[in-house]
Amino acid sequence: MDLAQRIRFEIDRRRDDLIALTQDLIRIPTLNPPGRHYREICDYLAERLAHRGFAIELIRAHDAPGDCDAYPRWNLVARRAGASPGECVHFNSHHDVVEVGHGWTRDPFGGELEGDRIYGRGACDMKGGLAASVIAAEAFIAACPDYRGAIEISATADEESGGYGGVAYLAAQGYFDPGRVQHVIIPEPLHKDQICLGHRGVWWAEIETQGRIAHGSMPFLGDCAVRHMGAVLAEIEATLMPLLASKHTAMPVIPPGARQSTLNINSIHGGAPEPEAGSTALPAPCVPDRCRIIIDRRFLIEEQIDEVKAEVTRLLERVKAQRPSFAYEIRDLFEVQPTMTDRDAPVVRSTATAIAAVLGREAAYVVSPGTYDQKHIDRIGRLKNCIAYGPGELALAHQPDEWISVTDMTDSAKVMALVLAELLAPAG
Ligand SMILES: [Zn+2]
């Protein structure tokens, strides 16, 4: 057998192991927020990988957002050096999952196997991808024990809440320096035949309209912040939404609806806080003096963030020109620049070759509508040779009855192991 055949054989014979590993990971409920069981999942992986010759580091992101003794932000970095010097290929997965939500017909932390599917919160985003990368590395090591360079596997915290207690922290500590790591694959659920080159940019901001409190029976003595916000929302509908719909990108974003600029209004709050659930108290009659919205603006690689922000400021100034008592404040919450790895980058070329070999079809190149940890590897780690590639359907992420296909995990594990072969197998 040649190396590619040995790799396929080693992965096929680990099918039950892959299923059991995925189920075990799903059964550790690493909910974020608040950040539960992070140490437990790191310990589980550490135990497994230490047995396979990996050197283990457990790193707590002290003082990262959310880090506290009740919910410490634990990360795992496992590294296995090869027989001779060479490059390092790093697989990075986040170990946190989002809340369960309503509408499940399965146990969200049961890891139930039915036919080809494993169900559970995080099955697709992204414990299935994490499991596939572990199996890929173990199978490659068995098939090619004298490989060059090094293989790293990390399981990191808090991707779902920005990654500051996870990849951002590790990148700041030098874990993604180009001198240490040369290739990064993030097994997010972008589908087994697609290579994700990067993501759009993000700007979150809070807009507050300001008025004056008064008795609700004499609203003319006050100034209603909610009505001011109504004028802001009307202006967003009338001018900003059409403007965003007219901006198109050359980035191959999926789904195609995200190939333009978009805006979501995350929340709106005005006046007195809502009563506690179950409260029978009546509200007090007040003119609301504050109203706030949080906007989530996704922008394109062709756009500049300064202009993205200026569009909103100009909009608020237009409203002000029409409403004499209008006052507002705008506060930046979060921003991320768009990022896109070159199609000629080594990790992209190797993955495309491996997809063609395993699936018998050409790889598709895509860009994610939302961000993921690539932003930190790019901006803080200064490593450009990074992609997302992994099993699963992005549309299932964060949904009830989330699942992952065992066949897709097996196929993508073969792709990942062939990438290792291409980048780390000794010559000749
Ligand atoms: Zn994810």
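The values are calculated or read from the model by the stated rules, or taken from the named source; none is laboratory data. Bear in mind that the values here come from a model prediction, so they are computed numbers and not experimental data. All Cβ positions, glycine included, derive from the backbone under ideal geometry; neighbour counts span all protein chains shown. Ligands, DNA and RNA are excluded from the accessible area calculation, which covers all protein heavy atoms including side chains. Shrake-Rupley method; radii C 1.70, N 1.55, O 1.52, S 1.80 Å.
Connecting C-alpha atoms closer than 10 Å in a GNM of the chain, tell me which of Ala123, Ala131, Ala171 has the biggest fluctuation.
Result: Ala171 has the largest fluctuation of those listed.
What does the C-alpha gyration tensor say about the overall shape of region 161-236? Classify as rounded when a/c is under 1.5, otherwise prolate if a/b is larger than b/c, or oblate.
Numbers: a/c = 5.08, a/b = 2.81, b/c = 1.80.
Since a/c reaches 1.5 and a/b is larger than b/c, the shape of region 161-236 is classed as prolate.
With a ≥ b ≥ c taken as the square roots of the eigenvalues of the C-alpha gyration tensor of region 92-145, please select rounded if a/c is under 1.5 and otherwise prolate if a/b is larger than b/c or oblate if it is not? Walk me through the intermediate numbers first.
Details: a/c = 4.65, a/b = 2.01, b/c = 2.31.
Taking the square roots of the gyration eigenvalues as a ≥ b ≥ c, region 92-145 is oblate.
Estimate the FRET efficiency between Thr353 and Arg15 by the formula 1/(1 + (r/R0)^6), using the beta-carbon distance for r and 22 Å for R0, to the nearest 0.05.
Efficiency at R0 = 22 Å is approximately 0.40.
If the only charges are +1 at each Lys and Arg Cβ and -1 at each Asp and Glu Cβ, what is the size of the charge dipole of region 88-209 around the Cα centre, to the nearest 20 debye?
Values: 8 positive and 18 negative charges, 78 e Å.
Roughly 380 debye for region 88-209.
Between Ile265 and Asp107, what is 0.36 nm times their sequence separation minus the Cα-Cα distance? Round to one decimal in nm.
On the way: separation 158, 0.36 × 158 = 56.88 nm, distance 3.16 nm.
Working it through step by step, the gained length comes to 53.7 nm.
So what does His51 come to for accessible area, using a 1.4 Å probe and Å² rounded to 10?
140 Å²
Can you give the charge dipole size of the chain about its Cα centre, rounded to the nearest 20 debye, using +1 on the beta carbon of Lys and Arg and -1 on the beta carbon of Asp and Glu?
On the way: 44 positive and 59 negative charges, 116 e Å.
Using only the charged Cβ atoms, the result is roughly 560 debye.
Taking the chain as a Gaussian network, where each spring joins two C-alpha atoms under 10 Å apart, which residue of Ala321, Ala143, Ala231 fluctuates the most?
Fluctuation is largest for Ala321.
May I have the count of lysine pairs in the chain with C-alpha atoms under 22 Å apart, counting pairs 8 or more residues apart or located on different chains?
Final tally of qualifying lysine pairs is 10.
For region 261-278, take each phi angle, set θ = phi - 60°, evaluate the Karplus expression 6.51 cos²θ - 1.76 cosθ + 1.60, and give the result in whole Hz per residue in order, putting x for glycine and proline.
5, 9, 9, 10, 9, 5, 7, 9, 9, x, x, 5, x, 5, x, 4, 4, x
For a quick check: with amide H placed at 1.01 Å from N, whose amide H comes under 5 Å from Arg212's, ignoring anything fewer than 5 positions away on the same chain?
When sequence neighbours closer than 5 places are left aside, the close amide H contacts are Asp223, Cys224, Ala225.
Return the carbon/sulfur percentage of the accessible area of region 25-67, one whole number, probe 1.4 Å, all protein chains in place.
51 percent
What is region 101-245's relative contact order, in percent, from Cα pairs under 8 angstrom and six or more apart in sequence?
Details: 77 pairs, mean separation 17.9, N = 145.
Taking the mean separation of contacting Cα pairs over the length of region 101-245, I get 12 percent.
To the nearest 500 deg cm²/dmol, what mean residue ellipticity at 222 nm is calculated for the chain from DSSP H runs of n ≥ 4 alone, each contributing -39,500 (n - 2.57), summed and divided by the residues?
On the way: 11 runs with 131 residues, N = 428.
So the calculated ellipticity at 222 nm is -9500 deg cm²/dmol.
I want to verify the translational diffusion coefficient of the chain in µm²/s; compute it with Stokes-Einstein, Rh as the Kirkwood radius over Cα pairs, at 37 °C and 0.692 mPa s. Mind dumping the intermediate values first?
Numbers: Rh = 23.3 Å.
It comes out at roughly 141 µm²/s.
Taking only Cα atoms and a 10 Å spring cutoff, compute GNM fluctuations for the chain and point out the largest among Phe299, Phe326, Phe54.
Phe326
Starting from the amide H of Arg60, placed 1.01 Å from N in the peptide plane, find each other amide H under 5 Å away whose residue is 5 or more places distant or on another chain.
Residues meeting the criterion, in which the H sits 1.01 Å from N, are Asn75.
Can you name the helices of the chain, as whole DSSP H runs, whose Cα span along the helix axis is 18 Å or more and whose Kyte-Doolittle mean is not below 1.0? List each step's numbers first, then the result.
Working: long enough: 38-51 (20 Å, -0.51); 128-143 (22 Å, 1.71); 305-322 (27 Å, -0.37); 346-359 (19 Å, 1.41); 406-424 (26 Å, 1.07).
Those that pass (Cα extent of 18 Å or more, hydropathy at least 1.0) are 128-143, 346-359, 406-424.
How much of the accessible area of region 108-247, probe 1.4 Å, is carbon plus sulfur, in whole percent?
Carbon-and-sulfur percentage of accessible area, whole number: 57.
Explain nothing, just the number: dipole magnitude of region 161-271 about its Cα centre with +1 on each Lys and Arg Cβ and -1 on each Asp and Glu Cβ, in debye rounded to the nearest 20. Present the calculation step by step, with values, prior to reporting the outcome.
Details: 7 positive and 8 negative charges, 37 e Å.
It comes to approximately 180 debye.
With θ set to phi - 60°, apply the Karplus curve 6.51 cos²θ - 1.76 cosθ + 1.60 along region 287-294 and write out the HN-Hα couplings as whole Hz, x wherever there is a Gly or Pro.
6, x, 9, 9, 9, 10, 10, 10
Within region 219-237, name every residue whose backbone N is under 20 Å away from a label modeled 7 Å from Cα of Ser279 along the Cβ vector.
225-226
Name the shape class, rounded, prolate or oblate, that the alpha-carbon gyration tensor gives for region 40-142, where a ≥ b ≥ c are the square roots of its eigenvalues, rounded holds for a/c under 1.5, and otherwise prolate holds if a/b is larger than b/c and oblate otherwise. Intermediate values should be presented prior to the final figure.
Working: a/c = 2.56, a/b = 1.29, b/c = 1.99.
Here region 40-142 falls in the oblate category.
State in Å² the accessible area per residue of the chain; use a 1.4 Å probe, count heavy atoms of protein chains only, and round to the nearest integer. Before the final figure, lay out each step's value.
Values: 18140 Å² over 428 residues.
Value for the chain: 42 Å² per residue.
Return the sequence-ordered ³J(HN,Hα) values of region 186-195 in whole Hz as given by the Karplus equation 6.51 cos²θ - 1.76 cosθ + 1.60 applied to θ = phi - 60°, using x for Gly and Pro.
Along region 186-195, the couplings run 10, x, 5, x, 9, 5, 5, 10, 10, 10 Hz.
If I model a spin label at Ala395 and Arg314 as a point 7 Å from the Cα along the Cα→Cβ vector, what separation in nanometres do I get?
Each label point is offset 7 Å from its Cα along the Cβ direction, giving 3.6 nm.
How high is the relative contact order of the chain, in percent, with contacts defined as C-alpha pairs under 8 Å that are six or more residues apart? Could you put the intermediate results ahead of the total?
Working: 969 pairs, mean separation 108.1, N = 428.
In percent, rounded to a whole number, it is 25.
Answer with one residue from His62, Ile26, Pro85: the one whose Cα lies farthest towards the positive end of the charge dipole of region 11-92, charges on Cβ with Lys, Arg +1 and Asp, Glu -1.
Pro85
At a 1.4 Å probe radius, carbon and sulfur cover how many percent of the accessible area of region 293-421? List each step's numbers first, then the result.
Details: 2570 of 5200 Å².
Carbon-and-sulfur percentage of accessible area, whole number: 49.
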